[in-house]
Amino acid sequence: MLTQYYTASSIDGFIADPDNSLSWLLTRDIDKDGPMSYDSFIADVGAICMGATTYQWILDNDPDNWAYDMPCWVFTHRQFPETAHDIRFTTTPVPEVHAAMVEAAAGKNVWVVGGGDLAGQFADHGLLDEIWAQYAPVVLGDGAPLLPRRVELELLGVERNRDFACARYRVVR
Ligand SMILES: NC(=O)c1ccc[n+]([C@@H]2O[C@H](COP(=O)([O-])OP(=O)(O)OC[C@H]3O[C@@H](n4cnc5c(N)ncnc54)[C@H](OP(=O)(O)O)[C@@H]3O)[C@@H](O)[C@H]2O)c1
């Protein structure tokens with residue numbers, strides 16, 4: 001069981017532009033069956049979590065296509081509309097939520113969807129094992145940061161998937 005932060009990024013380390021837009025990302029070419037693809041990654045994931053801004057992005061942009069059949073924890077102080085999906089809105093400390101996610105995942109991996117500070121909170125508690133970053137060929141200059149902390153990493157592998165330079169790192173504790 002690994003706790004992984006899998007995300008796309010600009011090469012200067014932003015996962016959304018200053019308007020919280022992913023237009024710079026969603027227009028790119030990727031092979032769904034290629035190296036480090038989303039489909040192969042998600043197949044091993046048993047529980048996910050995300051921050052409120054990421055969840056709001058989904059509600060604003062793709063509300064009818066909730067793509068996850070595993071439980072999802074959304075860290076937030078906001079009131080979101082009720083949902084039929086298995087979504088648990090929480091202000092519980094990260095270590096307690098992580099323990100619940102590991103239990104729910106039943107041996108599969110735990111995915112921190114984002115944003116970057118939430119992944120950083122997992123790292124602060126020594127709970128983040130890996131970062132998988134898919135770098136799109138763009139420099140954004142500003143936006144939501146990939147992971148606004150100093151975290152030491154070991155490069156485990158690199159692959160090209162069409163437009164993307166994909167890197168997998170182990171968090172060095
Ligand atoms: N490129 C990609 O693949 C990718 C992946 C994921 C996300 N994104 C995008 O990147 C952007 C990320 O936004 P973001 O950096 O603002 O991050 P975020 O993690 O999505 O949301 C941050 C918010 O989550 C809540 N939160 C975080 N930690 C919490 C905690 N411990 N307890 C309770 N609430 C907590 C807070 O909101 P409240 O206190 O207001 O509730 C905080 O302002 C979004 O636009 C998203 O769509 C891109």
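In terms of its C-alpha gyration tensor, region 17-116 comes out oblate, because a/c is 1.5 or above while a/b does not outweigh b/c.
Normalising by the residue count of the chain, find the relative contact order in percent from Cα pairs under 8 Å and 6+ residues apart. Averaging sequence separation for qualifying contacts and normalising by length gives 37 percent for the chain. D by Stokes-Einstein for region 38-173, Kirkwood Rh over Cα pairs, 4 °C, 1.567 mPa s: 81 µm²/s. Evaluated at q = 0.25, 0.27, 0.33 Å⁻¹, the base-10 log of the normalised Debye intensity for region 96-142, with identical point scatterers placed on the Cα atoms, takes the values -1.03, -1.13, -1.33.
For the chain, the carbon plus sulfur part of the accessible surface works out to 49%, probe radius 1.4 Å. Quick one: check the C-alpha center-to-center distance for region 107-173 versus region 1-45, whole angstrom. Result: 10 Å between the Cα centres. Under a 5 Å amide H cut-off, with hydrogens placed 1.01 Å from N, Ala8 pairs with Gln134 among residues at least 5 apart or on other chains. Here the Karplus relation 6.51 cos²θ - 1.76 cosθ + 1.60, evaluated at θ = phi - 60°, turns the backbone of region 139-152 into coupling constants of 10, 9, x, 6, x, 8, x, 4, 6, x, 8, 8, 9, 7 Hz, with x for every Gly and Pro. The packing ranking, built from the mean of other Cβ atoms within 10 Å per residue, places the peptides 19-32, 100-113 in the order 100-113, 19-32, highest first. For the listed peptides 128-134, 60-66, a ranking on the average number of other beta carbons within 10 Å per residue, highest first, reads 128-134, 60-66. By DSSP, the beta bridges lying fully in the chain are antiparallel in about 40 percent of cases.
In this structure the amide hydrogen of Ala47, modeled in the peptide plane, comes within under 5 Å of the amide hydrogens of Trp111, none closer than 5 places in sequence on its chain. Across the options Ile30, Ala123, Pro95, the greatest Cα extent toward the positive end of the charge dipole of region 21-173 (unit charges at beta carbon of Lys, Arg, Asp, Glu) belongs to Ala123.
For the chain, a crude dipole built from +1 on the beta carbon of Lys and Arg and -1 on the beta carbon of Asp and Glu, taken about the Cα centre, is about 380 debye to the nearest 20. Over the residues of the chain, the helix contribution to mean residue ellipticity at 222 nm works out to -6000 deg cm²/dmol, using -39500 (n - 2.57) for each DSSP H run of at least 4.
Given +1 at the Cβ of Lys and Arg, -1 at the Cβ of Asp and Glu and no other charges, the dipole of region 26-69 around its Cα centre is 160 debye to the nearest 20.
The values are calculated or read from the model by the stated rules, or taken from the named source; none is laboratory data. Note that the coordinates shown come from a computational prediction; the quantities given were computed from them, not determined experimentally. When we count neighbours, we look across all protein chains shown, and the Cβ atoms used for this are built from the backbone with ideal geometry, even at glycine. Ligands, DNA and RNA are excluded from the accessible area calculation, which covers all protein heavy atoms including side chains. Shrake-Rupley method; radii C 1.70, N 1.55, O 1.52, S 1.80 Å.
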